[in-house]
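Since the structure comes first, as structure tokens, the remarks are kept for the end.
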Amino acid sequence: MVGIEETGEQVRAKGRVRGRPRSFDRETALEKAIMAFWEHGYEATSVSDLTRVMGIGAPSLYAAFGDKQALFAEVVSEYGTRYGSFGDRALAEEPTARAAVARMLREAAAKYTEPGLPHGCLVVHAATNCSNPEVEASLRDRRNANIAAFEGRIRADIAAGELPADTDAAALARHTGAVIQGMSQQARDGARREELEALAEIAMAIWPRA
């Protein structure tokens, strides 16, 4: 039973609101959000900062992406696809752990200092001073997953005789993680590509040989 009958104009108005197409390009807005979080981190990037750089209002942001934390989760995923996949490719395509890590560090030196983009790695820097434990934990889990992937490749090489049997796989993997995270921070601090490439060469010099 209807208590108050709606006029035809009210029904048409509601239909226009519900059926109104999105007035912005979602992919473009998401790319701008990636840049904002990459440059400033999670904590220092407010919703008002996001709406300003994305060129949309807060209602549109919430409707298209959810809240700030949900948007950030999508940003991290897209960052990994668009900008951070070089490490996964190196591990998948190179025949040995040594070759994969050497390639990854060389490419990190280029990616972390690429002109026109924020320097360093979003996953390393976005949780700086973060007061959201879920965001902090998700980024920490991603970094630890990378180290676990390094360790897996190193252990495979030990089993195949590519590395000495007494190689400490866990320590070598954590060393690799420390180097790439340190390169990210140094890129943020102004290190040039050539300087990071030299650092990568020194880092690889400690790898044991079969």
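Throughout, read-outs are computed from the coordinates displayed, never taken from laboratory work. Worth saying up front: this structure is predicted, and the values here are computed from it rather than measured. Neighbour counts are summed over all protein chains in view; Cβ atoms, including those assigned to glycine, are modelled from backbone coordinates with ideal geometry.
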Exercise for the section: Could you give the size of the charge dipole of the chain about its Cα centre, using +1 on the Cβ of each K and R and -1 on the Cβ of each D and E, expressed in debye and rounded to the nearest 20? Expected result: 440
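Where does each of 100-109, 50-59, 167-176 land if you order them by average Cβ count within 10 Å, highest first?
Taking the mean over residues of other Cβ atoms within 10 Å, the ranking is 100-109, 167-176, 50-59.
With the contact rule set at Cα under 8 Å and sequence spacing of 6 or more, what percent relative contact order holds for the stretch 83-205?
Across the stretch 83-205, relative contact order equals 34 percent.
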Exercise for the section: Return the sequence-ordered ³J(HN,Hα) values of the stretch 121-132 in whole Hz as given by the Karplus equation 6.51 cos²θ - 1.76 cosθ + 1.60 applied to θ = phi - 60°, using x for Gly and Pro. Expected result: 10, 4, 5, 6, 9, 5, 8, 4, 6, 6, 9, 9
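If you average the sequence gap of Cα pairs under 8 Å that are 6 or more apart and divide by the length of the stretch 23-80, what percent do you get for the contact order?
40
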Handout entry: Point-to-point label distance, Ala44-Glu197, nm (Cα→Cβ direction, 7 Å offset)
Key = 2.9
Exercise for the section: Please name whichever of Pro115, Ala200, Ser184 sits farthest to the positive end of the charge dipole of the stretch 83-205, dipole taken about the Cα centre and charges placed at Cβ: Lys and Arg +1, Asp and Glu -1. Expected result: Pro115
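Expected output is a single nm value to one decimal: the length gained when fully extending between Cys130 and Ala210, i.e. 0.36 nm times separation in residues minus the C-alpha distance. What is it? Walk me through the intermediate numbers first.
On the way: separation 80, 0.36 × 80 = 28.80 nm, distance 4.28 nm.
Result for the pair: 24.5 nm of gain on full extension.
Tell me, what is the percent relative contact order of the chain, built from C-alpha pairs under 8 Å that lie six or more residues apart?
22
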Practice task
Would you compute, from DSSP H runs of 4+ residues alone, the mean residue ellipticity of the chain at 222 nm, taking -39500 (n - 2.57) per run and dividing by the full residue count, rounded to the nearest 500?
Solution key: -22000 deg cm²/dmol
Problem - Inter-probe distance in nm under a simple model that places probes 7 Å from Cα toward Cβ, at Glu74 and Phe86 - result: 2.7
